[in-house]
Amino acid sequence: MTKTRYFAIAAIVALIATSCTSDTVQEQIEMIKEVELLEGNTLKFKDQATFDRYVSEGIEAPAGFYSIYQNFNDAMNEAEAYYEREGGYEEFKQKYSGLYFPEFEDDYSAYLPVSDESKARFLNLNGEVYIGGELKNFKDVDTYEKLDELGLAMPEYLSVSTRAEVLGEIKYNDRKLWINATSKRTGNMYYYQNSPVVPYQIHLEVCFRKKGFLGLWYNYSSHTELHMPGLLFFQGFNVYTSKYDDMDGPSSHDYYVNVNASHIGQNIGVGTWTFGVIFQGFGGVAGDQLFTFKVTI
């Protein structure tokens, strides 16, 4: 297979001309040795350890590479333009044929066909990557049961027991919102302000869909905000708890919150926390409304 050429000498000259240090030049050379962009938009990593490091550290892929993850996000940014007109879904499905379209009941969303988003950033449109000379395919989402297992299915079809639905489905106009939660202990008991506590991380999955042509639900890009108890702020006549974070992009928006739970023995903690979410997709007054819910460990 022909490879895109990386001209090390030209790169070095350019780097020196722009006053880069010799360390920077060496880093560029080492990167070229570790990963290459092959003709046909496929990455080739030197070995498994290198691939794992790029994934875990979030190192950027070489310039010019277009991943299946980018393809999915582009699809979500364009979804509304297709789902809102007759024949648009078929065009959308053809344009983004590398994604997974379950067409289960009334869920006609496009899904990333790779369960690990971190790896998907380094996979071509077929879910492939060369690692140590071997072509590997990481596509592993091809059934609605798998979406259910990952917690990505719509709430009426979600049956996994590892997630708790902390905010039931809310429908407004042609949108709907729901929130799932999981939690895990992240350390051992310690003392905080003279009280024994156990650190936990709460994972909130803020999920949403929009109803398109012929009543089909689909995923798309929108904006959400997560709020937590704390200092109050005012917006018009509304009083909101302090904003913790916000996100843009397709569903789900995954928020991670570190909390201290009260220690009850054997490194086990308990506690209840109140959160609030704003979903811009509802639009108008509803798009500014804070929907509150509680998470109990």
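Of Leu231, Leu226, which residue is modelled with pLDDT of 85 or more and hydrophobic (A, V, I, L, M, F, W, C)?
Answer to the selection: Leu226.
Each row is one residue, and each column tells you yes or no for (1) free of Cβ contacts under 8 Å to residues at least 12 places away in the same chain; (2) over 16 Å from Ser251 (Cα atoms); (3) in contact with a helix residue (DSSP H, G or I) (Cβ under 8 Å, 6 or more places away or on another chain); (4) of a type in the set (Gly, Ala, Ser).
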residue	(1), (2), (3), (4)
Tyr69	no, no, yes, no
Phe72	no, no, yes, no
Met76	no, no, no, no
Tyr89	no, yes, yes, no
Phe92	no, yes, yes, no
Gly98	no, yes, yes, yes
Leu125	no, yes, yes, no
Asn137	yes, yes, no, no
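Can you find a residue in region 78-93 that is closer than 21 Å to Phe138 by Cα and open to solvent by less than 70 Å² (accessible area, probe 1.4 Å)?
Checked against the condition, which is being closer than 21 Å to Phe138 by Cα and open to solvent by less than 70 Å² (accessible area, probe 1.4 Å), region 78-93 yields no hits at all.
Being small (Gly, Ala, Ser) and under 20 Å from Lys171 (Cβ atoms) is the filter; apply it to region 244-297 and report the residue that is farthest from the chain's Cα centre (by Cα).
Selected residue: Gly284.
Checking Val197 against (1) modelled with pLDDT of 90 or more; (2) of a type in the set (A, V, I, L, M); (3) within 25 Å of Phe104 (Cα to Cα); (4) not in a loop (DSSP other than H, G, I, E, B), which test does it fail?
(3) is the only condition that Val197 fails.
I'm trying to understand the selection: among the residues of region 139-150, which are open to solvent by less than 50 Å² (accessible area, probe 1.4 Å) and of a type outside the set (Val, Ile, Thr)?
Tyr144, Lys146, Leu147, Asp148, Leu150
Inspect region 168-185 for any residue being open to solvent by less than 60 Å² (accessible area, probe 1.4 Å), touching a Phe, Trp or Tyr at 6+ places or on another chain (Cβ under 8 Å), modelled with pLDDT under 90 and part of a strand (DSSP E or B) and give the result as yes or no.
yes
What single numbered condition from (1) more than 18 Å from the chain's Cα centre (by Cα); (2) surrounded by 17 or more Cβ atoms within 10 Å (Cβ to Cβ); (3) under 16 Å from Asn73 (Cβ atoms) fails to hold for Leu123?
(1)
Select from region 33-62 the residues that are open to solvent by 60 Å² or more (accessible area, probe 1.4 Å) and touching a residue at least 12 places away in the same chain (Cβ under 8 Å) and write down the one among them that is farthest from Leu123 (Cα to Cα).
Among residues in region 33-62 that are open to solvent by 60 Å² or more (accessible area, probe 1.4 Å) and touching a residue at least 12 places away in the same chain (Cβ under 8 Å), the one farthest from Leu123 (Cα to Cα) is Lys33.
Have a look at Ala49, Ala81, Ala75, Ala61 and point out the one that is out of contact with any Pro (no Cβ under 6 Å at 6 or more places or on another chain), assigned to a helix (DSSP H, G or I) and over 29 Å from Tyr157 (Cα atoms).
Result: Ala49 is the single residue among Ala49, Ala81, Ala75, Ala61 that is out of contact with any Pro (no Cβ under 6 Å at 6 or more places or on another chain), assigned to a helix (DSSP H, G or I) and over 29 Å from Tyr157 (Cα atoms).
Let me confirm something: among Ser115, Ser109, which residue is surrounded by 15 or more Cβ atoms within 10 Å (Cβ to Cβ), touching a Ser or Thr at 6+ places or on another chain (Cβ under 9 Å), assigned to a loop (DSSP other than H, G, I, E, B) and of a type in the set (Ser, Thr, Tyr)?
Ser109
Please go through region 244-297 and give me each residue that is open to solvent by 20 Å² or more (accessible area, probe 1.4 Å), closer than 23 Å to Ala79 by Cα and polar (S, T, N, Q), ordered by number.
Ser252, Gln280
The values are calculated or read from the model by the stated rules, or taken from the named source; none is laboratory data. Note that the structure is predicted; figures quoted are calculated from it, not measured. Reconstructed Cβ throughout: ideal geometry from the backbone, glycine too, with neighbour counts over all protein chains shown. These accessible areas exclude ligands, DNA and RNA; they are computed on the full protein's heavy atoms, side chains included. Shrake-Rupley method; radii C 1.70, N 1.55, O 1.52, S 1.80 Å.
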